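Colleague: The structure follows.
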Amino acid sequence: MALLVGGIVLIDLRSLGFGLRNQSAAELTRRFKPWTHAGLAIVLLTGPILFSADVPRYLHNPAFLVKVVFLLLALASHFTVHRSGSRFSAVLSLLLWSCVIIGGRAIADFDA
């Protein structure tokens, strides 16, 4: 997850005017694209494997369901709105990916 979200967060922060001022957001996107794609491939491969290890646990866990909803929203946003490179898309991206991470961390807290 860190490999997927890490590059996206750096690009979003650069779009908002923070950090790495000597590189444009377009340069950072080009630089981190292979890492982001690798992170996405790893998440899409390992996520279903982890889910299949204890299906009833995850299906009845509200934090997991929230995480999945935010993950789908974040991915949809990343491949549509995020491409504009606007400040709105950067803030939306940071918000959605933060919710994914927090939802993932909360799964253990909502175990029955």
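The values are calculated or read from the model by the stated rules, or taken from the named source; none is laboratory data. Since the model is a prediction, treat every value here as computed from it, not as a measurement. Please note: Cβ atoms are built from the backbone with ideal geometry, for glycine as well, and neighbour counts cover all protein chains shown.
Colleague: Kindly indicate the residue of region 12-32 that is without any contact (Cβ under 8 Å) to a residue 24 or more places away in the chain and among the hydrophobic types (A, V, I, L, M, F, W, C) and also surrounded by the fewest Cβ atoms within 10 Å (Cβ to Cβ) among those meeting that condition.
Modeller: That would be Phe18.
Colleague: Kindly indicate the residue of region 44-85 that is of a type in the set (A, V, I, L, M), touching a helix residue (DSSP H, G or I) at 6+ places or on another chain (Cβ under 6 Å) and more than 15 Å from Ile107 (Cβ to Cβ) and also modelled with the lowest pLDDT among those meeting that condition.
Modeller: Filtering first and then ranking leaves Val81.
Colleague: All but one of (1) of a type in the set (Gly, Ala, Ser); (2) modelled with pLDDT under 95; (3) under 13 Å from the mean Cα position of the chain (by Cα) hold for Ser98; which doesn't?
Modeller: With respect to (1) of a type in the set (Gly, Ala, Ser); (2) modelled with pLDDT under 95; (3) under 13 Å from the mean Cα position of the chain (by Cα), Ser98 is out only on (2).
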